[in-house]
Amino acid sequence: MCPMRKALQAMVCTVLLSGLAGAQQVVMDTRKFYNPIELSANQQARILREVRAFTGTKPCGNGEVRDEIKGSFTRAGAKQTAYLVMLCDTFEAVPMRTDYGRLVVYEGGRIVRVVKNIGDSIGNVGDLNLDGVDDLLFLAAFGPQMGEFSENASVVTLAGGTFRTFLDLSEAFLDTCDSGKANSSISAHRVTVQKGVRPLFTDTLYLANCNARSSFRPGVQRRIWSDVK
């Protein structure tokens, strides 16, 4: 297995597409790889200083700023930039996310919203419920644990400054190939959405054998009507 920090970047296997026309839009596809945007050291240091001051967090290691996305995240028409900020350094991914992870939204050069415990990767998936606000995809990675690596996924909105969830998908990606278990395999998900006041998600499961990691075959498909929770 590769080091945890590199594994998180390499295994955030997601296609993030926003604003696409047509009845169905791809929200994520964990069969594919996604490379997060890398910020300069100076930009990361500035954002870390500002977020630590805003949240009252004392410096605790270098910290890290992952991902930078633009959109209207808290209100329609706003020109905002969101960052995934890890306020402190730790070698353990889950504490880094749960204790130190923040989604930070800037507008006009100032912080307007901070959300805790939000994942290891973020993406703008566009306005799914037609309220004029761009919605977000979060991915949270777990492992390697006993030879298994998995990711959970959530599609959420910050409309009105309130964090609410459209869709939660546990084990959006699962690789058990190094676990030593019989019948180990890789499972991935492709999720599309039909936009509307009540978005309709279609989740397709894909499976691959450990000796043919790129040869996914389609499995069960389900549809999920979403209510904001």
Note: Ile224 to Ala212 extended length (0.36 nm per residue) minus current alpha-carbon separation gives 1.3 nm
In the range 20-91, the trypsin sites (Lys or Arg not before Pro) that sit in a DSSP loop and have at most 15 other Cβ atoms within 10 Å of their own Cβ are Lys32, Lys79
Chymotrypsin sites (Phe, Trp or Tyr not before Pro) in the range 127-196 lying in a DSSP loop, each with at most 16 other Cβ atoms within 10 Å of its Cβ, come to Phe163
In the neighbourhood of Arg52 defined by beta carbon distances under 12 Å, the net charge of the other residues (Lys, Arg +1; Asp, Glu -1) is +3
In this structure, the FRET efficiency calculated for Lys181 and Lys32 from their beta-carbon separation, with R0 = 25 Å, to the nearest 0.05, is 0.50
Dipole check, the range 4-225, charges on Cβ (K,R +1; D,E -1), about Cα centroid: among Thr157, Ala172, Gly147 the Cα furthest to the positive pole belongs to Thr157
The residues Ser184, Ser121, Ser215, sorted from fewest to most surrounding Cβ atoms within 10 Å, come out as Ser215, Ser184, Ser121
Residue-ordered couplings for the range 116-122, obtained by feeding phi - 60° into the Karplus form 6.51 cos²θ - 1.76 cosθ + 1.60 and rounding to whole Hz (Gly and Pro as x), are 8, 6, 10, x, 9, 8, 10
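We did not get these values from a lab; they are worked out from the coordinates using the rules stated. These numbers come from a predicted model, not from an experiment. Glycine also receives a Cβ, built like all others from the backbone with ideal geometry; neighbour counts cover every protein chain displayed.
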